[in-house]
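These notes are about the structure you will find just below.
The values are calculated or read from the model by the stated rules, or taken from the named source; none is laboratory data. These numbers were taken from a predicted model, which means no experiment stands behind them. Cβ placement follows ideal geometry from the backbone for every residue including glycine, while neighbour counts extend to all protein chains displayed. When the accessible area is computed, the model is the full protein with side chains, heavy atoms only, and any ligands, DNA or RNA have been set aside. Shrake-Rupley method; radii C 1.70, N 1.55, O 1.52, S 1.80 Å.
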Amino acid sequence: MSTLSRYKATLQKWGLKENPFRPIPPDDPQELARIFYGRTDKIELALPALYEGRNILIRGAWGIGKTATILTLLHRLQAEVAELNEEMLVLYFGSIPGDSPNDFYRALLFGLADTLKEKDEEAAAIFDSIRGVSFTKAKKNIEGKVNLGILSLGAKPTPSEVQ
């Protein structure tokens, strides 16, 4: 029997179509809930601390579910804050490109603008600006009778497109 045949047979034995253990947990809360279990007591302990604006530390060896715990915790925090008819802006950064303080601030501003762009026109403009997209609107009257609207769209190439 081949390695892949044994692998597929093992998945079928456990009633699975795919391996639920991945290097990076899924972003979808329902999919995450399907594979996340056994840390309810930790979530219950951390939720009030985050709600009050305090910090928590989650540490451990590679692959034990730290990221899954964090994503589950953030999803529960958003859901429970919404149940209280309150608003809380929850941002999660899996990694931040670059290594300077300016790179961190740019990523933070981008995350905020991305989250708020649907509710706030200024946030949408910041989001587009950081992405390198610019919109210019101009109206001109030609001979005092015809309104002509001009829309200019520009975008900067990303570093991967330049190479």
So, with points 7 Å from each Cα along the Cβ direction, the Ile96-Thr40 label distance in nm works out to 3.6 nm
Coil-residue chymotrypsin sites (Phe, Trp or Tyr not before Pro) of segment 69-110, DSSP, other Cβ within 10 Å capped at 12: Tyr92, Phe93
Report the FRET efficiency, 1/(1 + (r/R0)^6), for Ala33 and Ala82, where r is their Cβ-Cβ distance and R0 is 22 Å, rounded to 0.05. 0.85
Roughly how many Å² of Glu44 are accessible to a 1.4 Å probe, to the nearest 10? 90 Å²
So if we plug the beta-carbon distance of Tyr51 and Lys119 into 1/(1 + (r/R0)^6) with R0 = 25 Å, what FRET efficiency do we get, rounded to 0.05? 0.70
Cβ-based net charge around Phe110, under 12 Å, with every Lys or Arg adding one and every Asp or Glu removing one: 0
Do any trypsin sites (Lys or Arg not before Pro) in segment 59-116 lie in a DSSP loop with no more than 16 other beta carbon atoms within 10 Å, and if so, which? Arg59
Dimensionless Rg/Rh of segment 1-128, both radii on Cα and Rh by Kirkwood, sits at 1.06
Can you tally the net charge around Gly60? Count Lys and Arg as +1, Asp and Glu as -1, for every other residue whose Cβ sits under 12 Å from the Cβ of Gly60. +4
Simple spin-label estimate for Tyr105 and Leu74 in nanometres, 7 Å along Cα-Cβ: 2.3 nm
Cα convex hull volume per residue for segment 35-93, in Å³, equals 95 Å³
